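Beneath this line is the structure, given in structure tokens, with notes to follow.
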Amino acid sequence: MNSELHVTSLIVQVQPEQMAEVRQKIMAIKNAELSANNDVKLVVVVEGTSQKSLMDDISTINAIPGVLSATMVYHQSEELEEGEK
């Protein structure tokens, strides 16, 4: 059985005084990782098995107090052969 892998990257605008808390909450999301950041912006990479799972994670990030916006800047989807992860 084939499955899918979806990967997206987001630019997350953050209120500077809440950056530490936002970073901590994003790092707690199982499928998300931080790849770059400064005082007001984070680049977050999210992986999932469906577009819906990515959208759920993006909604979670958008709901974090201090997040001004989370904008998808890249999305890739590919089918995995059986045994690939």
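The values are calculated or read from the model by the stated rules, or taken from the named source; none is laboratory data. Only a predicted model underlies this, so the values are computations on that prediction, with no experimental measurement involved. Note: ideal-geometry Cβ built from the backbone for every residue, glycine included; neighbour counts use all protein chains shown. Calculation scope for accessible area: heavy atoms of the full protein, side chains included, ligands and nucleic acids excluded. Shrake-Rupley method; radii C 1.70, N 1.55, O 1.52, S 1.80 Å.
Looking at region 17-33 only, could you name the residues that are open to solvent by 40 Å² or more (accessible area, probe 1.4 Å) and either in contact with a Phe, Trp or Tyr (Cβ under 6 Å, 6 or more places away or on another chain) or assigned to a strand (DSSP E or B) (or both)? Talk me through it step by step, then tell me what you get.
Of region 17-33, the ones open to solvent by 40 Å² or more (accessible area, probe 1.4 Å) are 17-18, 20-21, 23-25, 27-28, 30-31, 33.
Listed by number, the list holds a single entry, GLU33.
Using the structure shown, decide if VAL46 is touching a Ser or Thr at 6+ places or on another chain (Cβ under 6 Å), surrounded by 13 or more Cβ atoms within 10 Å (Cβ to Cβ) and either among the charged types (D, E, K, R) or outside any helix (DSSP H, G or I) (or both).
Working: touching a Ser or Thr at 6+ places or on another chain (Cβ under 6 Å): yes; surrounded by 13 or more Cβ atoms within 10 Å (Cβ to Cβ): yes; either among the charged types (D, E, K, R) or outside any helix (DSSP H, G or I) (or both): yes.
Considered against the rule, which asks whether it is touching a Ser or Thr at 6+ places or on another chain (Cβ under 6 Å), surrounded by 13 or more Cβ atoms within 10 Å (Cβ to Cβ) and either among the charged types (D, E, K, R) or outside any helix (DSSP H, G or I) (or both), VAL46 comes out as yes.
Any residue in region 42-50 that is within 23 Å of GLU81 (Cα to Cα), under 10 Å from the mean Cα position of the chain (by Cα) and charged (D, E, K, R)? Before the answer, list the steps.
Filtering region 42-50 for residues within 23 Å of GLU81 (Cα to Cα) gives 45-50.
The next check asks that each one be under 10 Å from the mean Cα position of the chain (by Cα); those that pass are 45-48.
Adding the requirement that they be charged (D, E, K, R) leaves 47.
Yes.
Tell me which of these LYS52 doesn't satisfy, since it passes every other one: (1) assigned to a helix (DSSP H, G or I); (2) within 25 Å of GLN18 (Cα to Cα).
Condition (2) is where LYS52 drops out.
Of all residues being in contact with a strand residue (DSSP E or B) (Cβ under 7 Å, 6 or more places away or on another chain) and part of a helix (DSSP H, G or I) in region 55-85, which is nearest to GLU4 (Cα to Cα)? Just the residue, please.
Of all residues in region 55-85, those in contact with a strand residue (DSSP E or B) (Cβ under 7 Å, 6 or more places away or on another chain) come to 57-58, 61-62, 66-80.
Among the residues that remain, those that are also part of a helix (DSSP H, G or I) are: 57-58, 61-62.
On the way: ASP57: 17, ILE58: 18, ILE61: 22, ASN62: 24 Å.
Per the criteria, the residue is ASP57.
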